[in-house]
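Derivation of every value follows stated rules applied to the coordinates shown; laboratory data play no part. Please read these numbers as outputs of a predicted model, since none were measured by experiment. Cβ placement follows ideal geometry from the backbone for every residue including glycine, while neighbour counts extend to all protein chains displayed.
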């Protein structure tokens, strides 16, 4: 199984489209063993729209802090499960907690009515992570 985590400075980045890279971990869910961890950046750069590239990497799960409805819907259409509200912990710790079923998640900081999300402004005028 492959897990993707939006990453900044070796930690889970709290906002999907605002990360520096994507960490893709290949894991054995039966033995809870991490087989491989690799940081990658799509050729076209990182944005809230990197979902198709992530799907092409063979990812089946995404562990994220906050993610807007656009990326969430795209992952759903690609058959990828998203677990949002993940804490900004070091990557290996996030993966190990997920595999041991001890990862505590909170609210998706990019979704919901009245959410004042301002973290994806660098993607162009009028863009936000909700759509």
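Computed values, structure above
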| read-out | value |
| --- | --- |
| Virtual spin-label span in nm between residue 52 and residue 78, 7 Å along Cα→Cβ | 1.0 |
| Alpha-carbon radius of gyration plus Dmax, which is the widest Cα pair, for the stretch 2-123 in Å | 13.3, 42 |
| Global geometry of the stretch 52-94, whether rounded, prolate or oblate, following the gyration tensor of its Cα atoms and the 1.5 cut on a/c | oblate |
